[in-house]
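Following: one structure in structure tokens, then a few remarks.
The values are calculated or read from the model by the stated rules, or taken from the named source; none is laboratory data. All values derive from a computational prediction rather than experimental measurement. Note: ideal-geometry Cβ built from the backbone for every residue, glycine included; neighbour counts use all protein chains shown.
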Amino acid sequence: PQTIYRKNYTPPSFLVESVELGFDLDPARTIVANRIKLVRNRDGKHSDIELHGEHIELVGVRMNGKRLKPGQYTLSEHGLTIRKAPAKVTLDIETVLAPQENTSLSGLYVSNGNFFTQCEAEGFRRITFFPDRPDVMAKYTVMLRADKEKFPVLLSNGNLIEQGELGDGRHYAKWEDPFKKPSYLFALVAARLVCQEERYTLQSGREVLLQVWVEEGNLDKTDYAMQSLKNSIRWDEQRFGLELDLDRFMIVAVGDFNMGAMENKGLNIFNTKYVLANPRVATDVDYAGIEAVVGHEYFHNWTGNRVTCRDWFQLSLKEGLTVFRDQEFSADMIGTDTGRAVTRIDQVRTLRQAQFPEDAGPMAHPVRPDSFVEINNFYTVTIYEKGAEVVRMMQTLVGRDGFRKGMDLYFARHDGQAVQCDDFRAAMADANGRDLKQFERWYSQAGTPVVKAVTQYDAAAQTYHITLAQSCPDTPGQTAKLPFHIPVAVGLLGADGKDLPLYTDGAAGQGTVVLELTEATQTFHFSGVAQRPTPSLLRDFSAPVVLDYDYSDAELLHLFSHDSDPVNRWEAGQRLAMARLLKLTADVGAGAPLALDATFIAAQRALLTDATLDAAFRELALILPSETIIAERMEVVDPQAIHTARQFMRRSIAAALKPELLAQYQANQTPGAYSPDAQSAGKRALKNLALAYLLIAPQAAELELAQRQFDAADNMTDRAAALAALIHSGAPDGAASALKSYFADFEHEALVIDKWFAMQAGAPGTDVAAVRKLMTHPAFTLKNPNRARSLIFNFCGGNPSQFHAADGSGYAFWAEQVIALDALNPQVAARLARSMDRWRRYVPALQAHMKAALERVAGSASLSNDVLEVVSKALA
Ligand code: B3K
Ligand code: ZN
């Protein structure tokens, strides 16, 4: 496969003025007529027209009305080239495709009998021949024709300008998008669907039509998506002064979808998972996911669609920024300081669970990559979540108002353009008179920086010094990294737990100052420090780095009970737990007896029972670092030892805090009608965490408690939590009957059945054989990505102690599934392939099995570029 380099970017030779598409939709044979008006690009290097096209059959091409003969163009498996074309051309291209055969879910495909498209990143070329690159923006008119009975709803981007009958049982609809867009934002839907719709008045007074389209039986699950859409529209007006630019905005839900959702102009297409909710079928986490994803796709309308990417190396320009925007939206929707902190803690957990490992593994890449084989492999936590951190750091450096100024300048300069990450950074810098030159390294250098802190207190002089030294590990293709520009937010706690006033050079702040670390090593001075403080470093996780500071237990306990920054309060708890988990893991390995100290238990007790703290915060703070996060802290990973150590800690906590857990279980009930608001969700989370603890080594009374909750629950959050607790309790009889009745009750709710598979896949009691058995269940299919993820991904990525079985059977299973999925859907297969990224860190016996599994996949015939890139980088 061919590697594509950022440095080889060349501007398109031709630009597209307009596109007229005509679709005769038939699942077996769809005919696409495409009229493109092209003009020679002044910046172009030659006069060849280069059109991409894949997996489609060319019927014919006309240039300026004249049919081109085969000698006048060249056709390859990647596209069509017309050499030495005149400066202004109209092409008429006809192609034929078979949507019902398309299992890759990229391009035009059929799901449950309906037509959908997915064009990002390079799916449009599976529909017609076109310069399928984001820097070619054009106006689209789309004519859809289809059987009226089977496909009563015909949708595309923009405005509906005409519709009618065609006589032969077919009908048509014509859509026009008034805005120029890149081809990856094209979409169509032809389907039997119904919608919830609403007229909504923008702040400016203009009225718009909002629609959420779903299959008929799901119309009782669209309220929350609609509410989230309205909230998103209002939030973008208020926070960024950005208005919806269309008269009509549609969300369409589809059950077969490769990712979460897609921001097609005016016609967002969503995985049902991020649309459908009512209390009976959706959990609090599902509700939060819907709000975030609806917001994310809506916010793309400005950050992504109005201003788009010049090339796919700039992907984080739209994704990092839009994730940052959806994070801020979710935080603002909760509205309280702790609520905001809880969302921030969740973000930190995601970074540690997924992004830091990516940054340390074979697929590590900068936020703006320099090369790729398959762009679809680069929709990563680095591009998205680290990209959002990079944007957040800019806000930290220029302040919230300064950030708004930078956004305003960005749109003033680039509306309607396809630009680069550098352009965003330049707008932020220029609007604020700030030098962000060095900051570029966050875009160009991969790897997670380590910031080592050393402090020194001088009681006589009442001064305090913090020395920060930064370094960044090598990553594939990158060594000897240069220092980053790192904002390090710092506070100093006195003995009473309160923030000390801060007097420092170069930075000012009441309780918190932002130190700007730009050198390899720098010392920051504080004066007037009347007592030896406890440093609270990297408050609010002000940079995506590993902070290395030699905290004593006493300091951590002090921060854990007093830090005014809730994120660092949580962090202190995580550090206390991590130190013990690492020690316990080592003890397991050495066969030494295991013990958990009373100090730690006491801290957990104090936290659990502290009613002054939000339930949501307490729940998060009580969750121990995951097995994956512990593994990342070890040189040589023994997954069984980690699992044993963590389970020991959980058992010890459960045993020591049983009465308190029971009391919290009772105290955090949420009587009355279900509401997904953050307060109630937090209480349910804490209550269900207590339940999970109570079900570790349960007696009859605890089993009964869970069974009662399972039976009586009026919402999916409580029902699923009870079922999960029963499954994890290892009391199989209790779980068996609950699993059965759950399945019977929700047989026709695909998303609920996904949970049924997922809960079993992730339970430590589920081994490879059990997963194989679940795969034979009639409800299982590899073809539906949600279902494949629920069982196979959750096992390979979320059940470490079974996946890493000593005999290598987990890895053999992985190899089989990657190969099987690849034949159907390379994008989904390549995601699964990533579960082996960190294979080199495991104990030698496991490494050997992992390597064999990787080689088996790499050696399998007719592998996609998607999977090939992942496994060959892993083996490199
Ligand atoms: N932009 C899409 C992702 C497309 C993924 C293509 N493999 C969803 C989003 O980030 O909003
Ligand atoms: Zn996005």
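For the reader, a short list of remarks on this structure follows.
- Checked against (1) outside the structural domain of Asn112 (by TED's automatic domain parsing); (2) at pLDDT below 95, Glu198 passes all but a single condition, namely (2).
- Members of region 291-308 that are more than 22 Å from Ile375 (Cα to Cα), within 11 Å of ligand 2 (Cβ to nearest atom) and in contact with a strand residue (DSSP E or B) (Cβ under 8 Å, 6 or more places away or on another chain): Tyr298
- Of all residues making up region 679-705, the number that are over 35 Å from the mean Cα position of the chain (by Cα) and assigned to a loop (DSSP other than H, G, I, E, B): 2
- If you filter region 445-501 down to residues that are assigned to a strand (DSSP E or B) and among the aromatic types (Phe, Trp, Tyr), you find that the one that is surrounded by the fewest Cβ atoms within 10 Å (Cβ to Cβ) is Tyr457.
- First in region 176-187 and touching a residue at least 60 places away in the same chain (Cβ under 8 Å), second anywhere and of a type in the set (D, E, K, R), Cβ under 6 Å, 6 or more apart: Asp177/Lys265; Lys180/Lys139; Lys181/Lys265; Ser183/Asp132; Tyr184/Glu120; Leu185/Lys265
- Qualifying residue in region 260-273 (condition: within 16 Å of ligand 1 (Cβ to nearest atom), part of a loop (DSSP other than H, G, I, E, B), outside the structural domain of Gly123 (by TED's automatic domain parsing) and surrounded by fewer than 20 Cβ atoms within 10 Å (Cβ to Cβ)): yes
- Meets criteria (at positive phi and within 16 Å of ligand 1 (Cβ to nearest atom)) for Gly205: no
- Residue match in region 192-214 (condition: in a loop (DSSP other than H, G, I, E, B), surrounded by 16 or more Cβ atoms within 10 Å (Cβ to Cβ) and either out of contact with any strand residue (DSSP E or B) (no Cβ under 6 Å at 6 or more places or on another chain) or of a type outside the set (Phe, Trp, Tyr) (or both)): yes
- Residue in region 169-177 that is of a type in the set (A, V, I, L, M, F, W, C), over 29 Å from the mean Cα position of the chain (by Cα) and more than 16 Å from ligand 1 (Cβ to nearest atom) present: yes
- Residue, surrounded by the fewest Cβ atoms within 10 Å (Cβ to Cβ), within region 283-298, restricted to residues that are more than 10 Å from ligand 1 (Cβ to nearest atom) and of a type in the set (D, E, K, R): Asp286
- Entirely in region 2-118, the strands (runs of 3 or more DSSP E) that have 2 or more residues that are among the basic types (Lys, Arg): 30-40
- Every residue from region 536-553 that is hydrophobic (A, V, I, L, M, F, W, C) and touching a strand residue (DSSP E or B) at 6+ places or on another chain (Cβ under 6 Å): Leu537, Leu538, Ala543, Val545, Val546, Leu547
- Boolean, Tyr549 is surrounded by fewer than 19 Cβ atoms within 10 Å (Cβ to Cβ), farther than 24 Å from Pro449 by Cβ and among the aromatic types (Phe, Trp, Tyr): no
- Test: residue in region 733-745 that is closer than 30 Å to Ala253 by Cβ and in contact (Cβ under 8 Å) with a residue 40 or more places away in the chain: no
- For region 557-575, the candidate set comprises residues that are of a type in the set (A, V, I, L, M) and in contact (Cβ under 8 Å) with a residue 24 or more places away in the chain; within that set, the residue that is nearest to Arg340 (Cα to Cα) is Val567.
- Within region 237-263, the set of residues being within 14 Å of Thr322 (Cβ to Cβ) and within 15 Å of ligand 2 (Cβ to nearest atom) comprises Met259, Gly260, Ala261, Met262, Glu263.
- If the condition is being buried (at least 16 other Cβ atoms within 10 Å of the Cβ) and either within 23 Å of Pro698 (Cβ to Cβ) or not hydrophobic (A, V, I, L, M, F, W, C) (or both), then region 661-678 contributes Leu661, Leu662, Gln664, Tyr665, Asn668, Thr670, Tyr674, Pro676.
- Of all residues in region 309-333, those being more than 15 Å from ligand 2 (Cβ to nearest atom), within 17 Å of Leu229 (Cα to Cα) and touching a strand residue (DSSP E or B) at 6+ places or on another chain (Cβ under 6 Å) number 0.
- If the condition is being free of Cβ contacts under 8 Å to residues at least 12 places away in the same chain and of a type in the set (Asp, Glu), then region 111-169 contributes only Asp168.
- Test: residue in region 575-590 that is within 26 Å of Thr350 (Cα to Cα), surrounded by fewer than 18 Cβ atoms within 10 Å (Cβ to Cβ) and among the acidic types (Asp, Glu): no
- Residue in region 17-27 that is assigned by TED's automatic domain parsing to the domain that holds Phe151 and more than 28 Å from Leu166 (Cβ to Cβ) present: yes
- Any pair with Cβ under 8 angstrom, 6 or more apart, that starts in region 309-321 at a residue that is in contact (Cβ under 8 Å) with a residue 24 or more places away in the chain and over 14 Å from Arg425 (Cα atoms) and ends at one that is hydroxyl-bearing (Ser, Thr, Tyr) and near ligand 1 (Cβ under 10 Å from one of its atoms): Leu315/Tyr379; Glu319/Tyr379; Glu319/Tyr384
- Residue that is within 25 Å of Phe746 (Cα to Cα), in contact with a helix residue (DSSP H, G or I) (Cβ under 8 Å, 6 or more places away or on another chain), in a loop (DSSP other than H, G, I, E, B) and not assigned by TED's automatic domain parsing to the domain that holds Gln417, where the choices are Val281, Val293: Val281
- Helices (runs of 4 or more DSSP H) enclosed by region 768-876 - at least 3 residues per element that are of a type in the set (Gly, Ala, Ser): 809-824, 826-833, 844-858
- If you go through region 299-329 and pick out every residue that is part of a loop (DSSP other than H, G, I, E, B) and within 9 Å of ligand 1 (Cβ to nearest atom), you end up with 1.
- Any hit, region 344-356, residues being more than 16 Å from ligand 2 (Cβ to nearest atom), over 30 Å from Cys119 (Cβ atoms), assigned to a loop (DSSP other than H, G, I, E, B) and touching a strand residue (DSSP E or B) at 6+ places or on another chain (Cβ under 9 Å): no
- Boolean, Arg133 is touching a strand residue (DSSP E or B) at 6+ places or on another chain (Cβ under 8 Å), modelled with pLDDT of 95 or more, part of a helix (DSSP H, G or I) and within 15 Å of ligand 1 (Cβ to nearest atom): no
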